[in-house]
Structure formats: structure tokens, C-alpha cells
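In what follows, a structure is listed as C-alpha cells, so that the remarks can point back to it.
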Protein chains: 2
Amino acid sequence: MSWQLTSADLADLARGATLLGTGGGGDPYIGKMLVERVLGDGSITILDPDELDDELFVIPTAQMGAPTVMVEKIPAGTEPTLALRTLERHLGRTADATMPIECGGINSMIPLVVAAETGLPVVDADGMGRAFPELSMETFAVYGVHGSPLALAGERGEQVVIDTGTDDRQMEWLARGITIRLGGVGHIAEYAMSGADVRRTAVPRTISMALALGRSIRLAREAKRSPFDAIAETLSPTLYSHVRELHVGKVVDVERRTTEGFARGRATIAGSDGDDSLEIVFQNENLVARRGGELVAIVPDLICVVDHETAEPITTEGLRYGQRVRVLGISTPEMMRTPEALAAFGPSAFGIDETFVPVERLRAETPVA
Amino acid sequence: MSWQLTSADLADLARGATLLGTGGGGDPYIGKMLVERVLGDGSITILDPDELDDELFVIPTAQMGAPTVMVEKIPAGTEPTLALRTLERHLGRTADATMPIECGGINSMIPLVVAAETGLPVVDADGMGRAFPELSMETFAVYGVHGSPLALAGERGEQVVIDTGTDDRQMEWLARGITIRLGGVGHIAEYAMSGADVRRTAVPRTISMALALGRSIRLAREAKRSPFDAIAETLSPTLYSHVRELHVGKVVDVERRTTEGFARGRATIAGSDGDDSLEIVFQNENLVARRGGELVAIVPDLICVVDHETAEPITTEGLRYGQRVRVLGISTPEMMRTPEALAAFGPSAFGIDETFVPVERLRAETPVA
């Protein structure tokens, strides 16, 4: 069923989307602020993917760049709509709706900014079911919808259209080059598709799931219940049914560099009570977690670092020495674990020499809280 | 008057255009081969700029990249026409003619490749009156025609459209980023304009001048006359009326690196008979020549390194230790020396802290041969 989203939902949505962003996807405060500024007292229609007309024409919108730059280079707000309009002109066809390409503090919000500016509805689905660092890492592409042509808009009104046919990795490579030359952040419209394509290729209902997650964490805190129980209860009936506590401890080392348009690095989290340390490697998003050298969770499963008490998600660019955190592993939907999906965004796509093993098998026993 | 160009003209044209390329503009052998392959026994109509219909729609075509890469990465040949077609589709309008953006071994030839493939005529004019390293360094831009939208095509069929409004430097910056990510070479269509714009903003008749130059050098060699006299006689009645011999000597040092998509470096040419050495600084093209520390020629005037006997032009990527060379200074047309023109492609545009002084004033006395 379609539903209306208002400014009152944004704080919960930002929190939940940032959790699903698995360390990436951008800063939730900035994302929330961008939508609030244009939405005011209005509302946005959120469309259920199962109810879309087959012929509905959907143009997803997003921000691309290194999260370390995104927090310093805040968009004017008009760029994503300019990207959408640029792609519409290029295709000679106007969009009936927009949609996120990933979950995250920024990229769950950008389509809402476009919706608030244009009046378009937003489809409750996305193409990553989490956040990934590269534009080619989309379930859309895995199941046959390609990203080209892509439109990219810059803060000084620059408009770029990139068409690499069915080669989504080359599209990512060229768009990243433009983004770097725009100062590290660009806004994009890509993966234009029909309603039927959305149902076939997108991870469904991730906006409503993020909102439910963020709300359940808040309500648990207000009721003095465990927010970790709330997370597990909220996800249990969804496609993300397994939640595992991977580690509790203190951030003791963060190595981070912004290179080639990405934030890359690793974080070490010392264990409580003399336990082994957990090490996380990230490229914008958390990719792999090892504890005492042993694999405990790996991409595309979600590795989420959160405050040890409040469960507030912490992005990779927000990691700081001394933070007391819990690390959660969350299972991704089966459509993200097929051989084709793992070829696009499994460990080998990041140069990690490990075979994907589902988090619920790696940590069969661990309760979440 | 319009005229027909055939394969028999290409060797002379390539030689003359490479001389005017002032060290850049690409390898003449590759440029000639690209045209021969598609032209065969056919001919290309070359249009005189003074006879263009005001409303004629002209889309210039070119290759962009570092000459050091261009000689190793030879285009399939279809990319410039793909760039033209991409820009036509973007603009919703088909070209009536194409035109060079600069003089040079490659970029005087690319429009001929497009013409041979499409049947379009080529306008006898260009936007640099020589070669320059950056797309914003065009008399077109100086006199009010801007480069955007630009279309760029890659060897695997990649199509990119870049629109930065009136900001031609930002267009150059973004297109260079794409070119680097395509491996160092891309093909472009840009500065679309009317016949009236061509007359107002282009350097006229540089194709026929290059052909006349190349032919006069060949005929002088065949007649055992000085090719340097032939160069001076050919240029004397044109807009490039002053030719000066700046130096005779031997290349004793070349420092060259390909960085940020450009070939940058310097060459030292020892003097004959114990004379001072001449030092040339280049960025794709020769920018400034100093002899014994004293300025002898500076951009936008032409600094041309040629074989000391045959006058065969030598590009910056062709400079080698031990070559015996002459260095010529050639005056550029007055439209390239106005304050607006010097702001776009005078010394300061290259970070050179010198005031432009015309070569005919710096070397008032020196005969050419």
C-alpha cells in the first residue's frame, strides 16, 4: 500500500537507513536536513513496489562521492533534481517516480529531496539493500537493468551524461572521475526502469523497513528497553531476518584515507574483558570483520557499528578513538547472495580473498543482546 | 573558394599542420594514416570561411589527450564520428559541416576522417591557429562561442556529454578527467556554431595554409632550395607573416613526463660554435624559449623545432638526444594577441611569469635562413 511520509518521520528514517548503510551511505544529520529544508509541512507519497504499474517510468536519484568529503561539502539541494531533469531531457521522457539506489543516511534521503521539489512519488525499494561504494554494485544490474545512461549534476550547474551501454563498471569508473573533479561529490540519476523492472530487480520495501527500524530503536530507548532487542524484533519478519552480535568493545585504532574518490581504511575494536579484538576493513562501507583473525561477517552481509548502549549507528567516517560500540551482523536478502549477486558485490569484487559465508552460519549461536 | 582535398594532399598537409602544431597536435604519420584508411580515392570538400552561409551549422571534431599517449594508443577511427553523432543527438540538430579546433598532425586530420566517413564538408579554419593543450584555449571562446555542450567518445563506444554553460575551463577540466580514465585519449565534438560565428571567431584558412606550407617545404627539398626560405615565402602574405630563426644546435637534454593527462617537460638545445644554449618549456606544445636566459619567443607565438636541414617538424614527444635542429619563431595573427586572447592562452594562462612580446619585436633582426 502506498503511504505518506512527513518531516516527523525523518529522524527515525535517517537512523534506520544509516544502520542499513553498514558504515556508509552518508551522514544522517545532513540527509535529514536536506529533506526538511524542502519538505516543510508537506508530505511525500511512498509507493509499494508490488503495486506499481508495469509501465511506470522510474528514475532513481542519488549522491555519489566519498563520505569523508560529503560531510564537508554539503549540496545546495537542487543538484539531484537537476540530474533527474538532465536524464529526462536526454531520454526524451519524464519520470513518473524516483527511487533510492541504496540505503544510507544520505542516499535514502536524496530521492525524498527530489520528491519534495518535484511532487514525484518515491518507490519503496532500492538497488543495494544496504550501501555499497560503487554504482555498478546494484541488484538492478545483477538482474538485467543497466545504469546507462547516467546523468550527473554539479554544484555549479554542471551537467554530464555518461552512456557506457551494458558496461556498468565503466560507467562507475567514468562517473567517479567526474565526481573527483567536481571536488569529491556529485549527484546522479541512473538506472531508469519500468515498474515491472523494479519488481524484478530491486530490493523491496527498504524505506519502510528503515523507518520501522529507526522508530523501534527510538521507542525502545524511550521505554528503557534494549534497542538491540527492538532491532532483532523489527528485522525478524523481513528479508533481513538474522541479527547477530559480533563484538562489544572500544575503538582503539582507525586508519582512514580518501583515495581515488573513496574513503578506505580499517578500524580495530578492542574486546571487553580481555576478549580478542575485532578488525573491520572498509571502502566507504564496512566490508569484512575478523575477530582474533577469524572471519565473523563479510560483504554483502551487513556489518553495523553502533553505540554500545543506544544502538545509534556510527558511519565509517564517524569512527573515533575511544567510542564504546557494539558490532552487529545482519543477513542480507537471498537475492543479494546468488552467484550473480556475489560476482557484482561479494568479497572478490572488493579484492578480498575470502568466500562468502552467511553471517547466520558464521555466528550460528550468538544472540543479539 | 571551396576546393577538393584528396589523399595526394595528405603528406604535405600533415607536415604543414605539424609545423603549425608548434610541438603538439599529435603525430603526423598517424593522422595521415587515419584519413587515408577511410578516404581512399575519394575527395573531401573544403569550405572557405568567407563563403559560409550565416546559418550553416558547424560541429568541430578533435582528439584530446597527451601526445605521448596518442602515439601508443591509435584510435579505431570511428570515435570522432561517434562524438559528432552524440552531440547531434544531444542538440537535436545535424551538422552541415565539421571543422578543426586546432592545427596539428592529428587534429588537422580528425575532421577529415569525419568528413570521409560522413560526406560532410570541412571548414578551412580552426580555433587555435596553432595547437594548445587545453580545450578552453580557443579563439572561439575568446570571441564568445562556448565549448559546451561537448560530446566525448571512447574506443569501446563510451559516449559522454558535458555541459558547463559558459565555463569552458570547467568543461576542459571534466573532459580531461574522462580522457584520463579512458586511458589517455578521447575524441570530442564541441564548440558547435553557425557559419556567421565561424567568421567572427575562427582563425581563417589554416588548412589551406598548412597544405601550402607542407607542399612548399617538399618542393624546396626537391629543387635543392632552402626549405626555410620556402617557409618564409609561404607565410609572408598570410596572417602569420613574421618568421624568425631563434636557434641552431643539437638537442642535449629532454625532460618529459606525462602527468594529469598532459605531456610536460623541457628541452635543452646546445648552440653551434659555442653559442648559448636554448631552453624550451612545453605542455604538449612549446610554450616559451629562452636563450642564455633571455626570452626569444613566447606563447601564443609559434615556437617550432624542425630538422636543421630538411625542416621536417619535430613534435615534443619526438624530441631525442642528439637531433640537430633549427628552432623557428612565427608570429600569430593579431586576433590571437588581443588582451582577451592573451588572458585565455597567453603566458599567464600557463603559469609563466612573463609578459607576451611579439617574436618580431624580440628578434627584430634575425633572418630565417
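If you check A:116, A:131 for being buried (at least 24 other Cβ atoms within 10 Å of the Cβ), over 19 Å from the mean Cα position of the chain (by Cα) and more than 10 Å from every other protein chain (Cβ to nearest Cβ), only one passes: A:116. Of the residues in region B:182-202, at least one is in contact (Cβ under 8 Å) with a residue 40 or more places away in the chain, in a helix (DSSP H, G or I) and acidic (Asp, Glu). Against the list (1) within 14 Å of another protein chain (Cβ to nearest Cβ); (2) closer than 22 Å to residue B:156 by Cα, the condition residue A:181 fails is (2). With respect to the conditions (1) in contact with an Asp or Glu (Cβ under 6 Å, 6 or more places away or on another chain); (2) more than 16 Å from residue B:126 (Cβ to Cβ), residue B:46 falls short on a single one, namely (2).
Being surrounded by 19 or more Cβ atoms within 10 Å (Cβ to Cβ), assigned to a helix (DSSP H, G or I) and in contact (Cβ under 8 Å) with a residue 12 or more places away in the chain, is that true of even one residue in region B:70-79? There is at least one residue in region B:70-79 that is surrounded by 19 or more Cβ atoms within 10 Å (Cβ to Cβ), assigned to a helix (DSSP H, G or I) and in contact (Cβ under 8 Å) with a residue 12 or more places away in the chain. Within region A:139-159, which residues are farther than 27 Å from residue A:346 by Cα and either surrounded by fewer than 23 Cβ atoms within 10 Å (Cβ to Cβ) or touching a residue at least 60 places away in the same chain (Cβ under 8 Å) (or both)? Result: A:153, A:154, A:155, A:156, A:157, A:159. Among the residues making up region B:307-321, a single one is farther than 15 Å from residue B:245 by Cβ and among the small types (Gly, Ala, Ser): B:318. Take residue B:341 and decide whether it is within 25 Å of residue B:125 (Cβ to Cβ), assigned by TED's automatic domain parsing to the domain that holds residue B:243 and not in a loop (DSSP other than H, G, I, E, B). Spelling it out, residue B:341 is indeed within 25 Å of residue B:125 (Cβ to Cβ), assigned by TED's automatic domain parsing to the domain that holds residue B:243 and not in a loop (DSSP other than H, G, I, E, B).
For region A:215-226, the count of residues that are in contact with an Asp or Glu (Cβ under 6 Å, 6 or more places away or on another chain) and within 14 Å of chain B (Cβ to nearest Cβ) is zero. Determine whether region A:183-191 contains at least one residue that is surrounded by fewer than 24 Cβ atoms within 10 Å (Cβ to Cβ) and either modelled with pLDDT of 95 or more or of a type in the set (A, V, I, L, M, F, W, C) (or both). The answer is no; no qualifying residue exists.
Taking the listed residues A:77, A:127, A:105, the one that is within 27 Å of residue A:351 (Cα to Cα) and at pLDDT below 95 is A:105, with no other qualifying. Note on region B:88-113: among residues that are outside any loop (DSSP other than H, G, I, E, B) and within 14 Å of chain A (Cβ to nearest Cβ), the one that is nearest to the chain's Cα centre (by Cα) is B:88. One residue stands out in region B:318-335 among those that are part of a loop (DSSP other than H, G, I, E, B) and of a type outside the set (A, V, I, L, M, F, W, C): the one that is surrounded by the most Cβ atoms within 10 Å (Cβ to Cβ), namely B:332. Taking the criterion of being more than 23 Å from residue B:27 (Cα to Cα) and either in a loop (DSSP other than H, G, I, E, B) or modelled with pLDDT under 95 (or both), the residues of region B:249-274 that qualify are B:271, B:272, B:273, B:274.
Of the residues making up region A:136-178, those that are charged (D, E, K, R) and within 9 Å of another protein chain (Cβ to nearest Cβ) number 5. Is it the case that residue A:231 is among the β-branched types (Val, Ile, Thr), crowded, with 16+ Cβ neighbours inside 10 Å, in a strand (DSSP E or B) and on the phi < 0 side of the Ramachandran plot? When the stated conditions are applied, residue A:231 does not pass them.
Does at least one position in region A:35-43 carry a residue that is under 19 Å from the mean Cα position of the chain (by Cα) and basic (Lys, Arg)? So far as region A:35-43 goes, no, none of its residues is under 19 Å from the mean Cα position of the chain (by Cα) and basic (Lys, Arg).
Scanning region A:184-204 for residues that are on the phi > 0 side of the Ramachandran plot and more than 14 Å from chain B (Cβ to nearest Cβ) returns a single hit, A:191. Exactly one residue out of A:320, A:290, A:324, A:337 is among the basic types (Lys, Arg) and under 23 Å from residue A:138 (Cα atoms), and it is A:337. Here residue B:140 clears all of (1) on the phi < 0 side of the Ramachandran plot; (2) more than 16 Å from the chain's Cα centre (by Cα) except the condition numbered (2). The residues listed here are A:310, A:315; of these, the one that is assigned by TED's automatic domain parsing to the domain that holds residue A:335, closer than 25 Å to residue A:129 by Cα and surrounded by fewer than 17 Cβ atoms within 10 Å (Cβ to Cβ) is A:310. Against the conditions (1) in a loop (DSSP other than H, G, I, E, B); (2) buried (at least 16 other Cβ atoms within 10 Å of the Cβ); (3) within 14 Å of another protein chain (Cβ to nearest Cβ), residue A:239 satisfies every one except (3). Within this structure, residue A:347 passes the test of being touching an Asp or Glu at 6+ places or on another chain (Cβ under 6 Å) and not hydroxyl-bearing (Ser, Thr, Tyr).
The values are calculated or read from the model by the stated rules, or taken from the named source; none is laboratory data. Owing to the predicted nature of the structure, the values given are computational and were not obtained by experimental measurement. Counting neighbours? That spans all protein chains shown, and the Cβs are built from the backbone with ideal geometry, glycine included.
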